[in-house]
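Written below as structure tokens is the structure these notes are about.
Nothing in this text is a laboratory measurement; each read-out follows from the coordinates by a stated rule. Fair warning: this is a prediction, and the values are worked out from it, not measured in the lab.
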Amino acid sequence: MMKCGGTSDSKPADAEIQSIINEVKGTVEDKVGKKLDTYEPVSYKTQVVAGTNYFVKVNIGDEHIHLRIFAPLPHTNQPKELSDVQRGKTAEDELCYF
């Protein structure tokens, strides 16, 4: 169960999460400074705000990264945006709020 303002429990990534991270892939590549041939979501957490924050652990081949993606409320018709990237993560690192 999610507490108000907190993040959900970690869940395995699915096709919806792959679609969400695909929307910000170009920005992620700019932030990490390279083209990502491997770009596979592993797990994710959500946080409901005025929209939804997605915290996603992503395998990029030689390392894992954690992404924070903000999805505005649907009625705003605004695109999802990459809020932050954490690099140098491992498959075992817990996905936390950042």
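Details
- Partner aspartates and glutamates for residue 25 [C-alpha distance under 20 Å; skip if fewer than 8 residues away on the same chain]: 14, 16, 37, 40, 62, 63, 81, 84
- Expected 222 nm ellipticity per residue - DSSP helices of 4 or more, -39500 (n - 2.57), all of the chain, to 500: -5000 deg cm²/dmol
- Mean Cα-pair separation over length for the chain, i.e. relative contact order, pairs under 8 Å, 6 or more apart, %: 24
- Kirkwood-type radius of the chain, with distances r between different C-alpha atoms, in Å: 13.6
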